[in-house]
1. Only one of (1) open to solvent by 60 Å² or more (accessible area, probe 1.4 Å); (2) within 14 Å of chain A (Cβ to nearest Cβ) fails for B:Lys3. Which number is that?
2. If you take the residues in segment B:96-105 that are within 7 Å of another protein chain (Cβ to nearest Cβ) and out of contact with any Pro (no Cβ under 6 Å at 6 or more places or on another chain), which one is most open to solvent (accessible area, probe 1.4 Å)?
3. Can you find even one residue in segment B:81-95 that is at the interface with another protein chain (Cβ under 9 Å from one of its Cβ atoms), within 24 Å of A:Tyr65 (Cβ to Cβ) and surrounded by fewer than 16 Cβ atoms within 10 Å (Cβ to Cβ)?
4. Determine whether segment B:23-46 contains at least one residue that is surrounded by 15 or more Cβ atoms within 10 Å (Cβ to Cβ), closer than 24 Å to A:Ala63 by Cβ and touching a Cys at 6+ places or on another chain (Cβ under 9 Å).
5. Here's a check for you: in segment B:47-79, which residue that is more than 14 Å from chain A (Cβ to nearest Cβ) and at pLDDT below 85 is least open to solvent (accessible area, probe 1.4 Å)?
6. Among (1) open to solvent by less than 50 Å² (accessible area, probe 1.4 Å); (2) part of a strand (DSSP E or B), where does B:Val108 come up short?
7. Quick check on my filter: what residues within segment A:1-38 are among the hydroxyl-bearing types (Ser, Thr, Tyr) and free of Cβ contacts under 8 Å to residues at least 24 places away in the same chain?
8. Could you grab me the full set of residues in segment A:28-46 that are outside any helix (DSSP H, G or I) and within 6 Å of DNA strand D (Cβ to nearest atom)?
Protein chains: 2
Amino acid sequence: MNKSELKVISVLERVGGFASAQQLHQLLLRSGESIGLTSVYRALQSLLDDKIVDQLRKEDGEAIYRLCGEAHHHHLVCKSCGSTVEIEGSALEKWAKAMAEEHGYREVGHLAEVFGICPSC
Amino acid sequence: MNKSELKVISVLERVGGFASAQQLHQLLLRSGESIGLTSVYRALQSLLDDKIVDQLRKEDGEAIYRLCGEAHHHHLVCKSCGSTVEIEGSALEKWAKAMAEEHGYREVGHLAEVFGICPSC
DNA sequence: GCAGAAATGAAAATGATTTTCATTTCCGGG
DNA sequence: CCCGGAAATGAAAATCATTTTCATTTCTGC
């Protein structure tokens, strides 16, 4: 575990949900850390191999990451400024469970994020 | 519906499952059709807008497509064998829309996948 | 047959991600 | 401390799918 990985983990903790490599890099720079984009990618790849982060793809194919084992919740993410709001997901939980049961799936989990443009953008 | 779209539909029918834009282009060329890669992408984009094809992302972020005349839906993915089942998502759509509206978000989209282990695994 | 619209595709641009490579930092043994 | 090699770092170049640009060709309705 090297410096870059620690920095990436700490910013992921701060974010508390999904973020792309580029977003994480920006956030690190903005909070005063000195780190190259290359190192962010390398750290994410390594954390992925170690099963410390989860990777998903947005609809446009960009990869987004989050810490494994984050408390389960969902976000409403602004496509423009990146601000996030935690949202209530019990309806979603029920839906996911119902769909899985209907098809005989076991050990069910799910991932969901809602994207949009926030009122201030 | 133009020529390129017809060609792309016909090769998708032949394939009978998922294929990437690059693969579809190669297949069309190999089967004697004359078509540019640009047109394959354009046709796929247009078919996607018309909900005639369904787009997914491989783990490396490359887009793959297949014919699918159904409405917007989500997938139930087997964590073990990777097989996917399309699931009905109207409950999810409603949830996403409600959450976004509640917070004043515009131009809403969402991302959702349900994971589990399928009956045959 | 003809003008304007739509379609086409080659080449350039884009944007995320990866690779290369030279430099810097770390670390253990002398 | 000091030295040398190993690991880490990051800037710049390379990669690769996808999109855009733009000039050319094909349709269409009149």
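The values are calculated or read from the model by the stated rules, or taken from the named source; none is laboratory data. Being a predicted model, the structure only gives us computed values, none of them experimental. Note: ideal-geometry Cβ built from the backbone for every residue, glycine included; neighbour counts use all protein chains shown. SASA here: full protein model, heavy atoms, side chains in, ligands and nucleic acids out. Shrake-Rupley method; radii C 1.70, N 1.55, O 1.52, S 1.80 Å.
1. Condition (2) is where B:Lys3 drops out.
2. B:His103
3. The answer is no; no qualifying residue exists.
4. Scanning segment B:23-46, I find no residue that is surrounded by 15 or more Cβ atoms within 10 Å (Cβ to Cβ), closer than 24 Å to A:Ala63 by Cβ and touching a Cys at 6+ places or on another chain (Cβ under 9 Å), so the answer is no.
5. Checking each candidate, the answer is B:Cys68.
6. With (1) open to solvent by less than 50 Å² (accessible area, probe 1.4 Å); (2) part of a strand (DSSP E or B) applied to B:Val108, the lone miss is (1).
7. Those that are among the hydroxyl-bearing types (Ser, Thr, Tyr) and free of Cβ contacts under 8 Å to residues at least 24 places away in the same chain: A:Ser10, A:Ser31, A:Ser34, A:Thr38.
8. Passing the criteria: A:Ser34, A:Ile35, A:Gly36.
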